[in-house]
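This report concerns only the one structure given below.
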Amino acid sequence: MESKAQRLKYFKFLAVVFSFAFLILNFSVVRAATLYFSPSSGNFSVGDILTTSVLVNTQSKAINNADAVINFPAGLLDVVSVNKSGSIFSLWVEEPAFSNSAGIISFNGGLPTPGFNGTAGRLINIVFRIKNAGSASLIFSSGAVRANDGYGTDILQTKAQAQFNLISEERPIAPPSALGAPQAPSISSPTHPDPNKWYSQNSATFNWPVPNGVNAARLLVGSAPIAEPVVLYVPAISKKTIDDLSDGVWYFHAQLRNSSGWGNTTHFRFQIDTTRPSRFDIELLPREDLTERIVKLNFDAQDELSGIDHYEIEIDDRAQEIWVDDGSGIYATSPLESGKHILIARAVDKAGNFLSNSATFTIEETPLLKYSYLAIDFLSVLIPLIALLALLLLIVWYSFYKRAQLKKRLKKEVQEAEGALHKAFDVLREDVKEQVKQLEKAKTKRDLTQEEDRIIQQLRKHMDSAEKFISKEVEDIEKEIKR
């Protein structure tokens with residue numbers, strides 16, 4: 001039987017063999033993919049827009065992630081936008097971002113299994129504006145392309161750079177082609193006055209003075225920075241309007257002629273962008289503290305031609321704010337009160353075209369403030385109820401008070417009436433008695449008639465009945481008052 005030491009030695013040998021095999025297989029995977037730009041070269045003029053894409057060639061290997069940092073010459077190029085249009089990636093560890101001040105572009109994206117396998121997988125698109133003449137290189141300062149092998153093996157082999165030739169439009173004015181020929185015309189435009197700005201108007205008007213002796217003019221509109229006019233006008237005109245121009249960078253060329261011949265040509269640059277931004281996404285960044293009064297949002301807008309210039313932002317009923325992105329795409333609100341808020345924003349390109357979007361978010365109350373509001377809400381209900389109850393009690397008390405006053409007054413009046421009635425009856429009784437006495441005296445002198453005797457008896461009877469009836473009614477009134 002094998003000893004323990006022999007078995008251990010055997011297992012170590014197998015481990016070395018498998019490790020060596022793994023390294024060989026892994027080495028066969030590494031150094032396969034290529035990151036490159038398309039286009040990667042060309043001639044461009046100052047002021048033009050240069051658009052290039054970052055692509056990956058996986059060399060027949062499936063990948064599911066790639067990241068890179070790209071350096072560009074900040075003195076020659078400005079990034080207008082970095083976008084994901086047509087990208088093979090659907091998941092982003094790091095959204096495409098750029099810094100014109102640092103001359104850096106970065107991204108980190110991926111996609112789920114089975115990944116991507118191909119020679120021209122688009123990762124991102126970069127739109128530059130050319131600032132100055134020179135030779136501009138785009139270089140991958142770092143990068144990785146990871147295989148879809150469950151290990152995230154980096155298979156990047158080549159990072160191909162791009163090289164662009166940037167041409168200056170500033171050229172010295174050539175002398176007249178013939179002695180005495182007109183100078184190059186001085187062109188101005190009331191519709192597109194600044195050659196470096198973008199305008200949303202697609203109808204352009206140009207003016208130039210026509211000196212004495214000029215008998216003809218030649219004009220041309222096109223995309224070439226330098227060109228000789230071919231459209232002849234006799235006699236010479238001093239104004240021209242071109243309608244229905246498409247978006248892009250244009251050049252208006254004009255040349256004058258007199259009896260000595262044709263003079264030099266003036267080339268006037270103008271830019272048109274009538275299309276609003278193609279995309280504007282707003283994303284509310286995660287918040288650990290939902291009571292934080294400052295909220296951050298990610299603004300991701302794209303405009304392929306003139307580029308995004310600024311954002312116009314309104315929150316609730318506050319005044320409009322103009323915000324210029326510093327390259328991070330992160331907008332932070334000013335301190336807001338707790339509650340629900342509505343943000344409406346417009347991404348405005350350099351020609352004034354815009355695309356709107358909105359977002360809603362809620363700033364929660366701190367516990368103390370929340371309980372304060374609850375107390376206020378409770379008191380706002382309790383206080384009116386207490387006031388209503390007090391009012392009802394006051395009304396009931398006042399009713400009893402008025403009733404008691406009424407009873408007291410009635411009792412007094414009844415007593416006074418009762419006393420007055422008794423006095424009246426006493427007087428009446430005495431008067432009747434006196435009358436009866438007189439009749440009885442008359443009876444001693446003569447006999448009373450039956451009628452006179454009947455009247456006396458009825459008077460006595462009616463007096464007793466009236467007194468009993470009135471006394472009873474007074475007693476009933478007093479009983480009602482006591483209730």
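From ILE322, ILE315, grab the single residue that is under 15 Å from the mean Cα position of the chain (by Cα) and surrounded by fewer than 18 Cβ atoms within 10 Å (Cβ to Cβ).
The conditions single out ILE322.
Check off (1) farther than 30 Å from ILE226 by Cα; (2) buried (at least 19 other Cβ atoms within 10 Å of the Cβ) for SER142 and give me the number that stays unchecked.
(2)
Here is a list of conditions, (1) of a type in the set (Gly, Ala, Ser); (2) in a loop (DSSP other than H, G, I, E, B); (3) over 20 Å from THR274 (Cβ atoms), and SER246 meets all of them except one; can you say which number that is?
It is condition (3) that SER246 fails.
Kindly list the number of the only condition in (1) free of Cβ contacts under 8 Å to residues at least 24 places away in the same chain; (2) crowded, with 18+ Cβ neighbours inside 10 Å that fails for PHE252.
The failed condition is (1).
In the same structural domain as VAL234 (by TED's automatic domain parsing), in a strand (DSSP E or B) and touching a residue at least 40 places away in the same chain (Cβ under 8 Å): is that true of PHE268 in this structure?
Yes: the conditions hold for PHE268.
Can you find a residue in segment 198-210 that is of a type in the set (Ser, Thr, Tyr), modelled with pLDDT of 95 or more, touching a strand residue (DSSP E or B) at 6+ places or on another chain (Cβ under 6 Å) and over 30 Å from SER38 (Cα atoms)?
The answer is yes; a qualifying residue exists.
Can you name the residue in segment 117-139 that is of a type in the set (A, V, I, L, M, F, W, C), assigned to a strand (DSSP E or B) and surrounded by fewer than 21 Cβ atoms within 10 Å (Cβ to Cβ) and is also farthest from the chain's Cα centre (by Cα) among such residues?
That would be ILE139.
On the given criteria, is ILE330 touching a residue at least 12 places away in the same chain (Cβ under 8 Å), surrounded by fewer than 17 Cβ atoms within 10 Å (Cβ to Cβ) and closer than 19 Å to LEU285 by Cα?
Criteria met by ILE330.
Is one or more of the residues making up segment 172-184 within 30 Å of LEU245 (Cα to Cα), modelled with pLDDT of 90 or more and surrounded by 14 or more Cβ atoms within 10 Å (Cβ to Cβ)?
Yes, that holds for at least one residue.
Within segment 66-92, track down each residue that is within 26 Å of the chain's Cα centre (by Cα) and either without any contact (Cβ under 8 Å) to a residue 40 or more places away in the chain or under 15 Å from VAL56 (Cβ atoms) (or both).
LYS84, SER90, LEU91, TRP92
Looking at (1) more than 36 Å from the chain's Cα centre (by Cα); (2) at pLDDT 90 or above; (3) assigned to a loop (DSSP other than H, G, I, E, B), find the lone condition where GLU169 falls short.
(2)
Please verify whether VAL381 is modelled with pLDDT under 70, in a helix (DSSP H, G or I) and either in the same structural domain as ALA332 (by TED's automatic domain parsing) or of a type in the set (Val, Ile, Thr) (or both), treating the condition exactly as stated.
Here the answer is no, as VAL381 does not meet what is asked.
Could you tell me whether segment 184-205 includes any residue that is within 30 Å of ALA74 (Cβ to Cβ) and among the aromatic types (Phe, Trp, Tyr)?
yes
The values are calculated or read from the model by the stated rules, or taken from the named source; none is laboratory data. Note that the structure is predicted; figures quoted are calculated from it, not measured. Using ideal geometry, Cβ is built from the backbone for each residue, glycine included, and neighbour counts are taken over all protein chains shown.
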